[in-house]
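Asker: The structure is given below, and queries will be raised subsequently.
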Amino acid sequence: MTEELRTVCYMCSSECGMITRVEGDRVVEIRGDPEHPMTHGALCPKVFAAPELADAKDRIQTPLRRVGDRGEGDFEPISWEEALNEIAAKLVAHKEEVGPESLLVQFGEKPDHDLVYRFAAAYGTPNVLDHDSICDTNRREGFMYTYGPSHFRPLPDLNRPIHTSEGVRTAHDMRYLLLVGENPLEATRFLYLRDGIRDAVRAGMHLTVVDPFETATARLAKDWLAVKPGSDLALMLAILRFVVVEDRGYLDHDFIAHRTVGFDELSARLHASPWTPEWAAERTGLTAETIRRVAHQFGSTKPAAAMVGMNGVGHHTNGFLTTRAAAMLVAITGNLDVPGGLALAPQPELDTAAVHGVLPPDRREKHKDNFAGYPLACRGIKAKDPTDILEGVTLTHGRHAGTRYPIRSLFVIHGNPLVNAPASSRWREALTKRREDGEYLLDLVVFNDTQLNDTGLLADYVLPMASFLERQGVCRIYLNEPTISLRRPVIGLRGQSRTPLGWLKPLAEACARHGDPEMAGAIPYDSDDEWCDALMAPQGVTAAKLRESGGTQRGPARFYKYDSLDTPSGKVELRSGIIDQANAEFGTDYEPLIDYAPNKWSREHADFAELAERFPFQLITGRIYAHTGSATQNTESALKQKPEPPFLMNVDDARRLDLSDGDRAQVENPLGRSIEVVVKTTDRLPKGVVRATHGWGQKSRFLSKSRGRGYNVNELTDDTNWAPISGNAGFGDMMVRISRINRP
Ligand SMILES: Nc1nc2c(c(=O)[nH]1)N[C@H]1C(S)=C(S)[C@@H](COP(=O)(O)OP(=O)(O)OC[C@H]3O[C@@H](n4cnc5c(=O)[nH]c(N)nc54)[C@H](O)[C@@H]3O)O[C@H]1N2
Ligand SMILES: Nc1nc2c(c(=O)[nH]1)N[C@H]1C(S)=C(S)[C@@H](COP(=O)(O)OP(=O)(O)OC[C@H]3O[C@@H](n4cnc5c(=O)[nH]c(N)nc54)[C@H](O)[C@@H]3O)O[C@H]1N2
Ligand code: SF4
Ligand SMILES: [Mo]
């Protein structure tokens, strides 16, 4: 039998609409869904890894229990019942001995977590860390603390056609786009940005791309500004200062007067600051003339948008401030939430409190990060996990200040921190360290995925997960048109894999049987439709209705939503009231306005300038079109497009080190860690910068196609370096030296 079913791709986080042709429970064809409001039929080639992964020989088929030491990779198959009973017995014991906060749950960058939150809330742990702090908390919080918590996802208004209450808009309004450290043509986060940028450029939009590497996006731009890594803050401060101090019609004074707070203070700070184009030129490697020209063009071309990247900007510890500067620039020039400007993407209202459950304040205040010195790190700090596991957690704020507790168990749910979080060796250490009595310090590690990656090698229990083709979820798409869609399962569960409902509900029941009364009935749903319906209740739609009607529900796009800003003042906060409140409450001294801060491990930072002589290269990363993190590598379909991650360096730098294409080199950081790479030379990267791709170099024998390919760049990153406010991992702050490896 052949069926055509609409669903939503999750080979990466873009959540594109797709139509699958299913024959005999196999996906035999995938094509874009022309009716999907975000993607209008577009897809990218990563999607083709999905059916291959679903039916892969390497796929985890049954629950597994470790038999040798952690990391050796010896497992025996066991039944779900055994696995869940053994895990439940440990969870109940840990809760009695230490408290529920000793369970640390983390996910990777994948959706369908709703019931994981519910399980964690029922058990009582506040320590649920999604992927955000190794992804984009700097960017989220930079916008959040300027435009309000519910507007942490502003987006360049480039999705066309767009439905508004006045009708459908097809033409592009945007005249100028400043993209800082973002590469939507290759790192596809929302295909409409990829396609919208192309169309808008064709319609005459001026695109300026700030990136040390000449990416595909930069190649499309009128201006490519090859900044030094981590210097974007200097650039944005200089642009901000220029538009305020020079103001040749750049500023929207009416908007500033009625819709912002803190402008006078900001203006005084900028006037008194040294942040001139010449000052920024020294730090960024651009000319003062270029900076002046870009600032003038941004200020005088309207409507315009500025957007900072999740990684190019966000993975530097000063990325929060860079985002704040961009958010301010957009607002004071009158480009916020206007057609063709930076649109405030509304969050479709969902009943997450009902479905996720709510933790009582007493338990919330045991959060390992928020109450351990980082009160504004709203999602927690993943980079800090190894330290927390090794040293325990000391709470510094709230009513439990002074309390210490150990982390006893860890759930890794479709993530791969061993290669995707900073400092892989620290993760290995944290997960394999033994106590004096010979037992592991971290008593329980549970891993849930479709494939047994390098993190899985360190687990005690491996639980087979339903791939996204087999599971149901509610997608909250980031769009100016508030949109939800249903990821419906299109094929049956493979092997013994289970959906989140399929294993978390019986695990909760097993915990109840082992003596934890709070877990009885913790997950009250009997089908995926039930929790999806509860979640979507405020939208007045059900899963069944979405399946019938094409999978997506959207409202009209609306601009000028200034009445809905949920900052403390209700206005755009150039001086952040949220930060002021946190400082008053917690005795912290976070910058509420804007300031300059150089990054660790960079020449601009006084403590590291000298090191730069011996470690002369800044190491950055960037994504490749054909792969998603570590998820797609074990597939023919992606490997035939890109079999290895490139390690790029400037052609003159390479020549000086006697390196040419294909040569092996050692890359070493000041922390004494090193990796081996194969060099690829390029003239698209300035001198002094090398560019890698993360997520590779895995060793797991369960990844038969990708094992041993490439290098793992996160062997070199620093787990003790995170952004002061958001806790975002500072992957992008690292200096290295490079030497040729001569082999006979
Ligand atoms: N140095 C450096 N490190 C980085 C980054 C960087 O730029 N530089 N980027 C960071 C960022 S932004 C992020 S978000 C993290 C990502 O880190 P992770 O979230 O760990 O990302 P992945 O490696 O993509 O996926 C991990 C696992 O998810 C499993 N999986 C389960 N279900 C699905 C599914 O439906 N779809 C997909 N695709 N996989 C599934 C895959 O099998 C895989 O084992 O890495 C971060 N690490
Ligand atoms: N193909 C593909 N698409 C993806 C993903 C994937 O793994 N593969 N992952 C998804 C995820 S999880 C995310 S978070 C997004 C990320 O989307 P992006 O943030 O756009 O992706 P990246 O390629 O990590 O980083 C963008 C650019 O930042 C540049 N850069 C590095 N350091 C600096 C710097 O100091 N300053 C400036 N200005 N630029 C710098 C890099 O050269 C790179 O071109 O992509 C999503 N889409
Ligand atoms: S960008 Fe590609 S991989 Fe990502 S969701 Fe869309 S089609 Fe899937
Ligand atoms: Mo990400």
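Asker: Checking the structure you have, find out if any residue of region 556-575 is farther than 24 Å from Gly492 by Cβ, out of contact with any Pro (no Cβ under 9 Å at 6 or more places or on another chain) and part of a helix (DSSP H, G or I).
Answerer: Yes - at least one qualifying residue is present in region 556-575.
Asker: Being aromatic (Phe, Trp, Tyr) and under 30 Å from Leu193 (Cα atoms): is that true of Phe468 here?
Answerer: When the stated conditions are applied, Phe468 passes them.
Asker: Go through region 50-72 and give me each residue that's farther than 13 Å from Arg26 by Cβ and of a type in the set (D, E, K, R).
Answerer: Lys57, Asp58, Arg59, Arg65, Arg66, Asp69, Arg70, Glu72
Asker: Filter region 189-215 for residues that are surrounded by fewer than 24 Cβ atoms within 10 Å (Cβ to Cβ) and part of a strand (DSSP E or B); which is farthest from ligand 1 (Cβ to nearest atom)?
Answerer: His206
Asker: Still on this structure: So, in region 452-482, of the ones that are of a type in the set (S, T, N, Q) and crowded, with 24+ Cβ neighbours inside 10 Å, which residue ends up nearest to Leu53 (Cα to Cα)? Reasoning before the result, please.
Answerer: Taking region 452-482 as the starting set, the residues that turn out to be of a type in the set (S, T, N, Q) are 453, 455, 467, 472, 480.
In the following step, the residues that additionally are crowded, with 24+ Cβ neighbours inside 10 Å were identified as 453, 455, 467, 480.
Working: Asn453: 13, Thr455: 18, Ser467: 8, Asn480: 33 Å.
In this case the residue turns out to be Ser467.
Asker: Let me ask another. Can you find, within region 5-21, the residue that is farthest from ligand 3 (Cβ to nearest atom) among those that are aliphatic (A, V, I, L, M) and crowded, with 19+ Cβ neighbours inside 10 Å? Steps first, please.
Answerer: Taking region 5-21 and keeping what is aliphatic (A, V, I, L, M), we get 5, 8, 11, 18-19.
Subset that is crowded, with 19+ Cβ neighbours inside 10 Å: 8, 11, 18-19.
On the way: Val8: 8, Met11: 3, Met18: 7, Ile19: 12 Å.
Only one residue fits best here, namely Ile19.
Asker: With modelled with pLDDT of 95 or more and out of contact with any helix residue (DSSP H, G or I) (no Cβ under 8 Å at 6 or more places or on another chain) as the only criterion, which of Thr322, Thr301 stands out?
Answerer: Working: Thr322 fails: out of contact with any helix residue (DSSP H, G or I) (no Cβ under 8 Å at 6 or more places or on another chain).
It is Thr301.
Asker: Give the residues of region 37-94 that are hydrophobic (A, V, I, L, M, F, W, C) and within 30 Å of Leu158 (Cα to Cα), sorted by residue number. Steps first, answer last, please.
Answerer: First pass over region 37-94, keeping only residues hydrophobic (A, V, I, L, M, F, W, C): 38, 42-44, 47-50, 53-54, 56, 60, 64, 67, 75, 78, 80, 83-84, 87-89, 91-93.
Those that are hydrophobic (A, V, I, L, M, F, W, C) and within 30 Å of Leu158 (Cα to Cα): Met38, Ala42, Leu43, Cys44, Val47, Phe48, Ala49, Ala50.
Asker: Test Ala654 against the stated conditions and say whether it is in a strand (DSSP E or B), more than 27 Å from the chain's Cα centre (by Cα) and small (Gly, Ala, Ser).
Answerer: It is false that Ala654 is in a strand (DSSP E or B), more than 27 Å from the chain's Cα centre (by Cα) and small (Gly, Ala, Ser).
Asker: For region 131-138, does any single residue satisfy the condition of being surrounded by fewer than 22 Cβ atoms within 10 Å (Cβ to Cβ) and either among the hydroxyl-bearing types (Ser, Thr, Tyr) or away from ligand 2 (no atom under 16 Å from the Cβ) (or both)? Don't jump to the end; show me each part of the working.
Answerer: Here is the first cut: in region 131-138, the residues surrounded by fewer than 22 Cβ atoms within 10 Å (Cβ to Cβ) are none.
Taking every residue of region 131-138 in turn, none turns out to be surrounded by fewer than 22 Cβ atoms within 10 Å (Cβ to Cβ) and either among the hydroxyl-bearing types (Ser, Thr, Tyr) or away from ligand 2 (no atom under 16 Å from the Cβ) (or both).
Asker: List pairs: first in region 42-69 and in a loop (DSSP other than H, G, I, E, B), second acidic (Asp, Glu) and within 14 Å of ligand 1 (Cβ to nearest atom), Cβ under 9 Å, 6+ apart or cross-chain?
Answerer: Cβ pairs passing all conditions: Ile60/Asp449.
Asker: Conditions first: (1) assigned to a loop (DSSP other than H, G, I, E, B); (2) more than 16 Å from ligand 3 (Cβ to nearest atom); (3) more than 29 Å from Thr352 (Cβ to Cβ). Ala612 passes all but one, so which condition is the exception?
Answerer: With (1) assigned to a loop (DSSP other than H, G, I, E, B); (2) more than 16 Å from ligand 3 (Cβ to nearest atom); (3) more than 29 Å from Thr352 (Cβ to Cβ) applied to Ala612, the lone miss is (1).
Asker: Could I ask something else about it? Report yes if some residue within region 59-68 is within 16 Å of ligand 3 (Cβ to nearest atom) and under 29 Å from Glu636 (Cα atoms); otherwise report no.
Answerer: No; the residues of region 59-68 include none that is within 16 Å of ligand 3 (Cβ to nearest atom) and under 29 Å from Glu636 (Cα atoms).
Asker: Restricting to region 19-41, what's the tally of residues that are within 16 Å of ligand 2 (Cβ to nearest atom) and assigned to a strand (DSSP E or B)? Full working, then the answer.
Answerer: In the first step, residues of region 19-41 are kept if they are within 16 Å of ligand 2 (Cβ to nearest atom); the result is 38-39.
Now narrow it down to the ones that are assigned to a strand (DSSP E or B): none.
So the answer is 0.
Asker: Follow-up. Among the residues of region 99-126 satisfying the criterion of being more than 16 Å from ligand 4 (Cβ to nearest atom) and among the aromatic types (Phe, Trp, Tyr), which is nearest to Val180 (Cα to Cα)? Full working, then the answer.
Answerer: Restricting attention to region 99-126, the residues satisfying the condition of being more than 16 Å from ligand 4 (Cβ to nearest atom) are 99-105, 112, 114-126.
Filter once more, keeping what is among the aromatic types (Phe, Trp, Tyr): 117, 119, 123.
Values: Tyr117: 33, Phe119: 39, Tyr123: 42 Å.
By that ranking, first place goes to Tyr117.
Asker: Let me ask you something else. Quick check on this structure: which one of Ser726, Ser704, Ser739 is within 27 Å of Gly73 (Cα to Cα), of a type in the set (S, T, N, Q) and touching a residue at least 40 places away in the same chain (Cβ under 8 Å)? First the steps, then the outcome.
Answerer: Numbers: Ser726 fails: within 27 Å of Gly73 (Cα to Cα); Ser739 fails: within 27 Å of Gly73 (Cα to Cα).
Sole residue among the options that is within 27 Å of Gly73 (Cα to Cα), of a type in the set (S, T, N, Q) and touching a residue at least 40 places away in the same chain (Cβ under 8 Å): Ser704.
Asker: Just to check your reading of the model, which residue among Arg575, Arg623 is within 16 Å of ligand 3 (Cβ to nearest atom), of a type in the set (Lys, Arg) and in contact with an Asp or Glu (Cβ under 7 Å, 6 or more places away or on another chain)? Walk me through it before giving the result.
Answerer: Details: Arg575 fails: within 16 Å of ligand 3 (Cβ to nearest atom).
Result: Arg623 is the single residue among Arg575, Arg623 that is within 16 Å of ligand 3 (Cβ to nearest atom), of a type in the set (Lys, Arg) and in contact with an Asp or Glu (Cβ under 7 Å, 6 or more places away or on another chain).
Asker: For region 508-530, enumerate the residues that are surrounded by 19 or more Cβ atoms within 10 Å (Cβ to Cβ) and either more than 30 Å from Glu349 (Cβ to Cβ) or basic (Lys, Arg) (or both). Talk me through it step by step, then tell me what you get.
Answerer: Of all residues in region 508-530, those surrounded by 19 or more Cβ atoms within 10 Å (Cβ to Cβ) come to 508, 510-511, 516, 519, 522-523, 528.
Residues satisfying the conditions are Ala510, Cys511, Asp516.
Asker: On the given criteria, is Gly502 surrounded by fewer than 22 Cβ atoms within 10 Å (Cβ to Cβ) and on the phi > 0 side of the Ramachandran plot? Please lay out each step first, then the result.
Answerer: Numbers: surrounded by fewer than 22 Cβ atoms within 10 Å (Cβ to Cβ): yes; on the phi > 0 side of the Ramachandran plot: no.
No: the conditions fail for Gly502.
Asker: Can you name the residue in region 1-46 that is under 24 Å from the mean Cα position of the chain (by Cα) and under 13 Å from Asp195 (Cβ atoms) and, of all such residues, is farthest from ligand 4 (Cβ to nearest atom)? Give the steps one after another, and end with the answer.
Answerer: As a first pass, look at region 1-46 and keep what is under 24 Å from the mean Cα position of the chain (by Cα): 7-18, 36-39, 42-46.
Filter again for under 13 Å from Asp195 (Cβ atoms), leaving 14, 16, 36, 38-39, 42-44.
On the way: Ser14: 11, Cys16: 16, His36: 22, Met38: 18, Thr39: 19, Ala42: 20, Leu43: 19, Cys44: 16 Å.
In this case the residue turns out to be His36.
Asker: Taking region 127-167 only, how many residues are among the β-branched types (Val, Ile, Thr), within 30 Å of Asp388 (Cα to Cα) and away from ligand 4 (no atom under 13 Å from the Cβ)?
Answerer: Of all residues in region 127-167, those among the β-branched types (Val, Ile, Thr) come to 128, 134, 137, 146, 162, 164.
Filter once more, so that each one left must be within 30 Å of Asp388 (Cα to Cα): 128, 134, 137.
Subset that is away from ligand 4 (no atom under 13 Å from the Cβ): 128.
Qualifying residue count, region 127-167: 1.
The values are calculated or read from the model by the stated rules, or taken from the named source; none is laboratory data. These figures come from a predicted structure and were not determined experimentally. Because the Cβ atoms are built from the backbone with ideal geometry, glycine has one as well, and the counts that use them run over all protein chains shown.
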